[in-house]
Amino acid sequence: MKNKTINKIISLSLITIFILTPLSASALTKNETVFSSLNTNGNISKTTVTNHLKIKTTKELEDESELNDIINLNGSETFKQNKNILKWQTNGKDIYYQGATKKSLPLDIKIKYFLDDKEQKLENMKNKKGNVKIEITLTNKEKHVVNINGTNEEVYTPFLVMAGTTIDSKNNTDIKVTNGKVVETGNKNIIASIASPGLYESLKINELNNMNKMEISYKTENFSLNNIYIIATPKLLEENDLDLFKNLNSITSSITKLQSSMNEIENGASTLSKYTKQLSDGTNKLNKNMPNESSNKENETKLNSLKNTNNTTINTLNNANTNLENQKSQIDTKITEATTKNEYVSNQISEINTNITKAETAYNTYSSNLSEVNQGISGLEYQISNTTDEETKEELNKQLSELKGQKETLETIVPILKNQVDAIKGTKEALKGTKASIEGTLELLNQTKTSLDTSIEANKKLATLISGNNTVVESSISTINKMRTLSSSINKLAKGSKEINKGTNTLSQGINKFNKEGINTLNNYSNSLKRYSSKAEALIDLSKNYKGFTCNNSDETLFINKVKTED
């Protein structure tokens with residue numbers, strides 16, 4: 001008698017917990033309670049349904065139900081039935097009515113019993129001793145196909161399930177329950193466990209993998225089992241819980257922006273690496289094209305004899321050199337201003353073009369003079385060969401000797417001027433490579449501040465290159481002397497640009513790794529969170545849209561299953 005009283009208390013407690021679960025803000029008009037009797041394996045033997053209608057009118061009330069054998073439980077109100085439509089004659093009081101159904105429950109319940117790890121029929125375990133395990137497996141049959149973020153996915157109407165029973169303390173010890181609690185009350189233990197079948201299948205979260213099972217285990221000296229009550233309701237989350245997922249959506253949006261920005265940084269780092277490679281190749285090429293010391297000495301010796309005849313060219317080159325020195329000073333003081341550097345290099349290219357034009361003009365002038373001298377020599381030689389007058393021939397030979405001296409001088413000057421043209425053009429090509437590198441650096445100034453030190457060092461070396469290149473346009477003798485310094489500077493710059501290229505390659509690889517292993521992983525996690533939040537919203541919609549087991553207008557539905565284990 002005492003056991004039956006405790007069992008009733010447990011069942012009423014479980015029912016009360018579910019009934020007191022917070023409801024939606026809308027007023028309830030109909031509560032549906034489904035009572036099912038189950039055998040020891042979980043198979044249904046009988047199901048009845050009680051509906052509670054809250055009446056706010058004395059007029060005829062229309063209700064919807066699939067029940068059979070309907071009876072009014074608490075009053076004399078009558079109804080007329082037309083298929084699934086019930087028209088109640090009300091007097092303003094609530095109506096409780098009951099009916100029967102053979103409809104399959106939305107949750108399939110299977111119960112297995114084990115004694116010392118061997119599955120047994122319940123009746124064969126009674127009064128025996130050993131290790132007991134009771135395994136309750138729930139299967140959610142309310143499957144739906146829902147469009148989530150553009151993809152059709154299978155999700156289940158969420159059910160919160162609670163199972164409970166009592167186990168006496170006299171014959172049983174070491175009582176455990178999964179997803180639940182064991183409460184000792186003296187000579188009895190109250191067992192309660194929760195589950196949510198279909199939740200793992202809907203969300204695919206590994207931690208929810210066992211939410212479709214409840215397991216009770218204990219040691220017994222004399223096995224017996226009280227009735228088990230399994231209560232279920234299609235309520236898991238309320239609409240106000242969606243605020244959490246709205247915040248997650250905001251976070252996911254921010255992480256998506258971070259991923260996009262990181263992709264741009266990664267592309268920028270790759271571009272910087274490409275331009276520094278161009279710089280390295282350009283400086284190496286320039287270094288190889290620089291004249292050696294032997295050539296410098298030879299040209300210096302020849303140019304000393306041309307100082308008096310080449311003052312105009314020297315003055316022009318000196319003036320240009322002074323301008324280049326002023327520009328070099330501006331680069332030294334404003335090296336950190338990327339935009340100014342780019343404009344400065346563009347000005348240098350323009351100046352070099354002017355100097356190329358002047359150098360080519362000088363070269364063409366002397367080449368033309370050399371051609372005229374050759375023509376004069378040919379003419380004199382022709383005259384001498386056709387002159388018999390010795391005095392005239394002697395005078396012509398003097399003129400011929402002078403022209404040959406001029407020819408020798410011009411033949412010395414012309415190659416030197418050609419070398420000057422080639423050297424200045426080589427300087428121009430180097431400056432183009434420098435400009436490409438600076439423009440590449442400009443693309444990354446706002447994105448890769450962490451690489452500024454490397455970029456500043458690179459720009460200093462580029463300033464050294466420009467300073468060395470300025471000496472190319474000085475006077476012929478000064479140009480030779482400065483070419484020695486420029487050659488040394490370019491050699492250092494080639495080494496430095498190679499190191500810069502290594503540094504930018506390392507930077508690019510590091511950013512790529514950080515983006516791939518860090519930001520991409522974070523973005524994948526945030527997308528997973530967004531996917532879970534979208535699924536959770538879909539589950540809430542399914543819960544909200546569940547309108548009853550045997551009707552389509554219930555505001556709350558509660559399933560009460562009694563597993564009869566007692567004789």
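Only the coordinates and a few stated rules stand behind these numbers; no lab work does. Quantities reported herein were computed from a predicted structural model and do not represent experimental measurements. Neighbour counts are summed over all protein chains in view; Cβ atoms, including those assigned to glycine, are modelled from backbone coordinates with ideal geometry.
Each residue of the range 56-61 is assigned a 3J(HN,Hα), and the resulting list reads 10, 8, 9, 8, 5, 10 Hz, derived from the Karplus form 6.51 cos²θ - 1.76 cosθ + 1.60 (θ = phi - 60°), x at Gly and Pro.
Taking 0.36 nm per residue of sequence separation and removing the Cα-Cα distance, the Glu64/Lys80 pair yields an extension gain of 4.6 nm.
For the pairs Lys112/Lys562; Lys181/Lys219; Lys126/Lys170; Lys110/Lys235; Lys121/Lys564; Lys110/Lys141, note any where the Cα-Cα span goes beyond 20 Å. Checking Cα-Cα distances, Lys110/Lys235 exceed 20 Å. Among Thr40, Thr57, Thr427, Thr47, the ranking by other beta carbons within 10 Å of each residue's beta carbon, starting with the fewest, stands as Thr57, Thr40, Thr47, Thr427.
Taking Cβ atoms as reference points and 13 Å as the exclusive limit, the residues near Asn374 contribute a net charge of -2, counting Lys and Arg as +1 and Asp and Glu as -1. A straight line joining the Cα centroids of the range 163-223 and the range 47-70 runs 36 Å. The listed peptides 169-175, 156-162, ordered by packing as a protection proxy, come out as 156-162, 169-175 (highest mean of other Cβ atoms within 10 Å first). Legend: ranking of residues Asp94, Asp63, Asp116 from fewest to most surrounding C-beta atoms inside 10 Å; resulting order Asp116, Asp94, Asp63. Multiplying the residue separation of Lys129 and Asp281 by 0.36 nm and removing their Cα-Cα distance gives an extension gain of 46.0 nm.
In a DSSP loop and with at most 14 other Cβ atoms within 10 Å, there are no GluC sites (Glu not before Pro) in the range 144-201.
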